[in-house]
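Structure, as structure tokens:
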Amino acid sequence: MNGLSDKLYAWPERARVNRRLPKETLIQNAKIARIRITPTIRAALTAELDRITITHQLAPQSVNLPARAGVEDILIIELRQKSNELSEKLLHWIDRTLPRATIFECKKPDGQVQMVMAHKRPSGADKGKWVIGTYHVGKWYSGARESLPVSTHLLELYSKVLRGLLPRTALKGESLEDHLARCETISALEKNREQLKIKIAKEQQMNRRVALNDELKTVQAELLLLEGE
């Protein structure tokens, strides 16, 4: 997972808990929630992670911000890696076993830290379960931490931290959901654009090259529109 932002936050000292989260606890949580525990996941838990720690719990009593819209608290979870690699499948599995808002800090053996999170919200269709979106990551970083974004409630704080990891800044008045969707659409269009460029470079037939160039122009126009330019 490669990131764009190099932000790390100075989580409030009042919210510090430094509570180790045993891997066996996650496995038990998964069994209770009927989340599949594959041999691959079991192997990855052992091979990829040294320790899992809930470092902070951002809650009304610890950060003086009220809960809002399902975000009763936010867990800051340090994933201490055994190597430089951590599979997204394992990260997603861990996230599923924790039915609450989460922000991960993945820590490599050399001490560098990368913030990782997905838009996570309670499921409207299945009470007790959460919907987890695409993961967004920051750069590996070991510098000074920043103050938390000014917020009026926990949902706003959670949203601002997540927006800070997105590759495009929000448009004026853009909701978090629309911001996320726009970034994902831009990412897909950029991938399509690069594939078209490769096809054009390889294409020998003139009529086919013209058609591909027209398709490329359409993609570029859509990108300009989505980027707000």
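Computed on the Cα trace of region 35-137, the radius of gyration divided by the Kirkwood hydrodynamic radius gives Rg/Rh = 0.98.
Taken over the Cα atoms of region 16-78, the convex hull encloses 100 Å³ per residue.
For the chain, a/c is not less than 1.5, where a ≥ b ≥ c are the root eigenvalues of the C-alpha gyration tensor, and a/b tops b/c. That puts it in the prolate class. Computed over protein heavy atoms with a 1.4 Å probe, the accessible surface of region 80-229 works out to 57 Å² per residue.
Only one residue of 119, 196, 175 has its Cα farthest out toward the positive end of the dipole of region 70-215, where Lys and Arg carry +1 and Asp and Glu -1 on Cβ, and that residue is 196. Rounded to the nearest 10 degrees, the angle from helix 23-32 to the longest Cα principal axis of the chain is 80 degrees. Computed on protein heavy atoms with a 1.4 Å probe, the accessible areas place 222, 203, 13 in the order 13, 222, 203, largest first. Of 31, 127, 120, the order by accessible heavy-atom surface (1.4 Å probe, DNA, RNA and ligands excluded), from most exposed downward, is 127, 31, 120. Can you give the translational diffusion coefficient of region 176-229 in µm²/s, computed by Stokes-Einstein from the Kirkwood radius over Cα pairs at 4 °C and 1.567 mPa s? For these conditions, the coefficient is 109 µm²/s. With a ≥ b ≥ c taken as the square roots of the eigenvalues of the C-alpha gyration tensor of region 142-199, please select rounded if a/c is under 1.5 and otherwise prolate if a/b is larger than b/c or oblate if it is not? It is oblate, given that a/c is not under 1.5 and a/b is not larger than b/c. With the full set of protein chains in place, find how many percent of the accessible area of the chain is carbon and sulfur; take the probe as 1.4 Å. Carbon plus sulfur share of accessible area: 49 percent. Note on region 25-126: antiparallel DSSP beta bridges, both residues inside, total approximately 65 percent of the bridges counted. Counting 0.36 nm for each residue step from residue 38 to residue 51 and taking away their Cα separation leaves a gain of 2.7 nm. The coefficient of translational diffusion for region 96-205, derived via Stokes-Einstein from the alpha carbon Kirkwood radius under 20 °C and 1.002 mPa s, stands at 129 µm²/s. Relative to the longest principal axis of the Cα atoms of the chain, the long axis of helix 39-48 lies at roughly 80 degrees. Per-residue ellipticity at 222 nm computed for the chain from its helices equals -12500 deg cm²/dmol, with DSSP H segments shorter than 4 residues left out and the rest contributing -39,500 (n - 2.57). Here r is the Cβ-Cβ distance between residue 27 and residue 88 and R0 is 22 Å; the resulting FRET efficiency, rounded to 0.05, is 0.70. Relative to the longest principal axis of the Cα atoms of the chain, the long axis of helix 206-226 makes an angle of roughly 40 degrees.
The values are calculated or read from the model by the stated rules, or taken from the named source; none is laboratory data. Since the model is a prediction, treat every value here as computed from it, not as a measurement. Backbone-built Cβ (ideal geometry, glycine too); neighbour counts: all protein chains shown. Side chains included, ligands, DNA and RNA excluded: accessible areas come from the protein's heavy atoms. Shrake-Rupley method; radii C 1.70, N 1.55, O 1.52, S 1.80 Å.
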